[in-house]
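Visitor: This is the structure I want to talk about, given as structure tokens.
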Amino acid sequence: MKKWCMIAVAVSVFGCGVKLDEADVEACEHIVEAGKALTATATMSGAPALTDDHERNDLALVDVSGGKGGFAAFTVLENGDYLFYLDTDVPMEILNSAGVPVAFEKTEKSISACKEVKAKYTVGLMLGTYSLRLGPTSETQVSLIVEHGEHSEE
């Protein structure tokens, strides 16, 4: 009996390690792959559409007040949490169709699954089209991955 207790303790202490979020791991896989080249727009009108189909979006930033930045569009086809992974920590805001900012549920400056992700934003979105406003920043490009996640209460 003692032997089994010792094994159980060893597994619980040493065998579990850090549990990585599946969406984080998937984002890390895609952030190092070739991406779809897009150019941001200086206004919400005509902004390029981002995808959430496991593809990196490489967004060239344009001149905006205070540096580089711009807009990209994102269409939500299913209600839920969406995760935005960026390879550069640039200011980001999500606006609804009326131009009103949507509050992030969580913002992280790194993830444990990989070093390539420099910012992760989690936000609950309903059906509709949203605009991402990036910048101002000194960066000229940002690569991002969008993943649809499930909302979980902890």
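The values are calculated or read from the model by the stated rules, or taken from the named source; none is laboratory data. Here the structure is a predicted model, which is why all the values come from computation and not from measurement. Because the Cβ atoms are built from the backbone with ideal geometry, glycine has one as well, and the counts that use them run over all protein chains shown.
Visitor: For the stretch 59-71, check the following and say yes or no: at least one residue is surrounded by 14 or more Cβ atoms within 10 Å (Cβ to Cβ), out of contact with any Pro (no Cβ under 7 Å at 6 or more places or on another chain) and among the basic types (Lys, Arg). Walk me through it before giving the result.
Guide: To start, the set of residues in the stretch 59-71 that are surrounded by 14 or more Cβ atoms within 10 Å (Cβ to Cβ) comprises 59-62, 64, 67-71.
Cutting the leftovers down to out of contact with any Pro (no Cβ under 7 Å at 6 or more places or on another chain) gives us 59-62, 70-71.
From what's left, among the basic types (Lys, Arg): none.
Checked against the condition, which is being surrounded by 14 or more Cβ atoms within 10 Å (Cβ to Cβ), out of contact with any Pro (no Cβ under 7 Å at 6 or more places or on another chain) and among the basic types (Lys, Arg), the stretch 59-71 yields no hits at all.
Visitor: Residues of the stretch 36-47 being closer than 18 Å to residue 87 by Cβ and surrounded by fewer than 18 Cβ atoms within 10 Å (Cβ to Cβ), which ones?
Guide: Hits for the stretch 36-47 are 36, 37, 39.
Visitor: Do you know which of the residues in the stretch 96-115 that are touching a Phe, Trp or Tyr at 6+ places or on another chain (Cβ under 9 Å) and not aliphatic (A, V, I, L, M) is farthest from residue 29 (Cα to Cα)?
Guide: For the stretch 96-115, the residue satisfying everything is 97.
Visitor: Check whether at least one residue in the stretch 128-145 is acidic (Asp, Glu), buried (at least 16 other Cβ atoms within 10 Å of the Cβ), under 25 Å from residue 22 (Cβ atoms) and out of contact with any Cys (no Cβ under 9 Å at 6 or more places or on another chain), and report yes or no.
Guide: Checked against the condition, which is being acidic (Asp, Glu), buried (at least 16 other Cβ atoms within 10 Å of the Cβ), under 25 Å from residue 22 (Cβ atoms) and out of contact with any Cys (no Cβ under 9 Å at 6 or more places or on another chain), the stretch 128-145 yields no hits at all.
Visitor: Something else about it: I'm trying to understand the selection: among the residues of the stretch 54-68, which are under 14 Å from residue 86 (Cβ atoms) and assigned to a loop (DSSP other than H, G, I, E, B)?
Guide: Correct list: 56, 61.
Visitor: For the stretch 96-115, does any single residue satisfy the condition of being closer than 13 Å to residue 131 by Cβ and crowded, with 19+ Cβ neighbours inside 10 Å?
Guide: Among the residues of the stretch 96-115, not one is closer than 13 Å to residue 131 by Cβ and crowded, with 19+ Cβ neighbours inside 10 Å, which makes the answer no.
Visitor: Right, next: Condition first: touching a Phe, Trp or Tyr at 6+ places or on another chain (Cβ under 6 Å) and in a helix (DSSP H, G or I). Now tell me which residues in the stretch 21-53 satisfy that.
Guide: 27
Visitor: Next question. Restricting attention to the stretch 37-47, does a residue exist that is closer than 20 Å to residue 120 by Cα, modelled with pLDDT under 90 and out of contact with any His (no Cβ under 7 Å at 6 or more places or on another chain)?
Guide: Looking for residues that are closer than 20 Å to residue 120 by Cα, modelled with pLDDT under 90 and out of contact with any His (no Cβ under 7 Å at 6 or more places or on another chain), one finds none in the stretch 37-47, hence no.
Visitor: Search the stretch 54-111 for residues being of a type in the set (S, T, N, Q) and in contact (Cβ under 8 Å) with a residue 24 or more places away in the chain, and hand back the single one that is farthest from residue 123 (Cα to Cα).
Guide: Only one residue tops the list, namely 65.
Visitor: Given the residues 93, 153, which is the only one that is of a type in the set (D, E, K, R), modelled with pLDDT of 95 or more and more than 18 Å from residue 27 (Cα to Cα)?
Guide: 93
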